[in-house]
Amino acid sequence: MATSKSRGLVTASATLATLVAVGSLLGGCGSQQAKPMDDEFAGSGAEASSAPESGAGAVGEGNPTAVSRDGLPTAPADTGNYHDGTYALTGKYGRDGADSIDVDLDLSGGQVSRVQVQGHSDSPISRGHMERFAQAVPGVVQGRPLKDLKVEKVAGASWTSDAFNKALDLARLEASADRSS
């Protein structure tokens with residue numbers, strides 16, 4: 001006849017074996033690394049590219065696009081020779097392009113002399129990312145040459161940063177266009 005001490009030991013051993021088995025099964029799930037402010041609204045930013053030609057295509061997670069709000073013509077390629085002026089662009093991103101940022105960019109002597117960003121989203125979380133981005137981005141880009149300018153995740157907002165980069169790509173094409181016609 002088993003004693004209560006040996007039954008307790010058998011129960012504890014069985015419980016421990018079950019926990020080890022469950023831990024082994026779940027060990028590969030999830031990530032062990034926390035990424036602050038990387039959620040379904042902020043995105044991971046790893047999927048996006050800021051090549052000018054990728055502005056076409058499906059809008060959605062990781063596929064930001066940009067459109068002109070001022071109807072300026074675009075050059076077929078970035079010439080690196082930019083016309084001074086103001087460029088009004090909209091970067092779209094997020095699920096089905098539901099989130100957008102209006103980017104107003106002043107260019108002088110090939111450098112960004114002023115940038116203003118206004119975000120549009122139905123999500124309070126996205127709006128928070130956009131507001132922090134809009135406050136931080138002037139300090140990152142103003143006074144810098146437009147040529148090859150690209151921002152990384154600014155103020156924790158990776159998708160907003162990706163959409164801003166698409167707007168910069170389009171600004172380069174608009175600023176490169178021949179204005180003599």
Express the Stokes-Einstein translational diffusion coefficient of segment 83-160 in µm² s⁻¹, to the nearest whole number, given a Kirkwood radius over alpha-carbon pairs, 37 °C and a viscosity of 0.692 mPa s. 255
Could you list the trypsin sites (Lys or Arg not before Pro) in segment 62-163 that lie in coil according to DSSP, counting only those with at most 16 other Cβ atoms within 10 Å of their Cβ? Arg69, Lys147, Lys150
At R0 = 25 Å the Cβ-Cβ FRET efficiency linking Ala98 and Ala77, nearest 0.05, sits at 0.20
At what distance in angstrom do the alpha carbon centres of segment 160-177 and segment 65-120 lie from each other? 5
Candidates per GluC sites (Glu not before Pro) in segment 84-181, loop by DSSP, up to 13 other Cβ within 10 Å: Glu152
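Values in this text are rule-based calculations from the coordinates and carry no lab data. Bear in mind the structure is a predicted one, so any value in this text is a computation, not a measurement. No Cβ is skipped: glycine too gets one built from the backbone with ideal geometry, and neighbour counts run over all protein chains shown.
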